[in-house]
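As structure tokens, the structure follows; a few thoughts come after it.
Coordinate-derived values only; no laboratory data. What you see is a predicted model, and the numbers here were worked out from it, not measured in a lab. Because the Cβ atoms are built from the backbone with ideal geometry, glycine has one as well, and the counts that use them run over all protein chains shown.
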Amino acid sequence: MVRSWTIGLSDQDSSAALDQSSRERITSCQCPRRRAVSIQGKPLWGTAEYSDCAIAAIIPVIKCANGSVPMIQLIDCTKTHASHEDINDFFEFRHQIFRERLGWDMPSLSPCDTHEVDQFDTENAIYMLHRGIDGKIVAGLRLLPTNLPYLLGDCFDWMLDEAAPRQSNVFEVTRLAVCPDAARCNGASAYLRVLIWGLMEYGLQNKVKNYVSLSYLGMERLLRQSGCQFQRLSAPKPIAGRKSVALQFDIMSGIRDRCRALIDPKLMNGRSLELAEPMAAPLLMAA
């Protein structure tokens, strides 16, 4: 399957206070009804909107070749049911970064007040998680296909000079977050480089054409420092008083290799830099 990707709003640098029109559009965006994905009776997506049918849940096992905790964990919900624990770990991580640290007051669809969930956390999402040596999430992001509702196209299309992409081979990346403590210890872009390597590797494996990003200018600089090669697609425009810009990223083996070369060996700690996907073991559960 050939895919291109887009990176949406660079959430790690997102403003806590969006202008009212953007806030209303985010709140009012409509998505298809979500199916009930549950493991041991617990909903996966953290929202009250579910279908009424029971489904087969699959609990995946994530392992590296050497049996250790993977450095990068890829959870593709379009191919397998994602791990309940892994996804909720990311929801909790997002809450810590966006709501507690950055002060977001956007509504969360999760009934759990320690999770950050929005209407785009659906079974169509793909999550990429970077875990530290101890197995805890230190960085992560979410990917969304643009032929379905997505943040940039449905809520921030006014930031684009041209029509937002609506293609099955174009993806958006949102909820990009990096642990602030980890960033202080290893440099602001150390963990971001790992995610960028993962995106490049995944893109090359799947014949990705490019990425497109809506980013604050501060994140644009950080992405450049992390080894990205990109071009601006529009002039910077303000979001809540902060200038943002649309970017198109090149996907090339040279960029992937450069990102790999820039990754601090201390982050590796003997681990292989690889994308680890779930090896699903089916288990029927009642929703």
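Per-residue extension of 0.36 nm, minus the Cα-Cα distance of residue 233 and residue 277, leaves a gain of 12.6 nm for this segment.
The HN-Hα couplings worked out from phi for the range 159-168 by the Karplus form 6.51 cos²θ - 1.76 cosθ + 1.60 (θ = phi - 60°) are 7, 9, 6, 10, 4, 5, x, 9, 9, 5 Hz, whole numbers, x standing for Gly and Pro. Close amide-amide hydrogen proximity is noted between residue 277 and 74, each under 5 Å apart and 5 or more residues distant or on a separate chain (H modeled in the peptide plane; Pro and chain starts excluded). On full extension, the segment bounded by residue 257 and residue 224 gains 10.4 nm, given 0.36 nm per residue less the C-alpha separation. Return the subset of 136/243; 136/237; 79/209 for which the Cα-Cα distance in this structure is over 24 Å, preserving the input order. Check vs 24 Å cut-off fails for 136/243; 136/237. Taking amide H as placed 1.01 Å from N in the peptide plane, residue 239 has its amide H under 5 Å from the amide H of 244, each at least 5 places away in sequence or on another chain.
Full extension of the chain segment joining residue 106 with residue 250 gains 48.6 nm, where the gain is 0.36 nm per residue of separation less the Cα-Cα distance. With neighbour counts taken as other beta-carbon atoms within 10 Å, the residues 118, 76, 264 rank, fewest first, as 264, 76, 118. Candidates 208, 153, 191 compared by Cα position along the dipole of the range 121-228: farthest toward the positive end lies 191, with charges placed on Cβ.
Listed from fewest to most Cβ neighbours within 10 Å, the set 259, 77 follows the order 77, 259.
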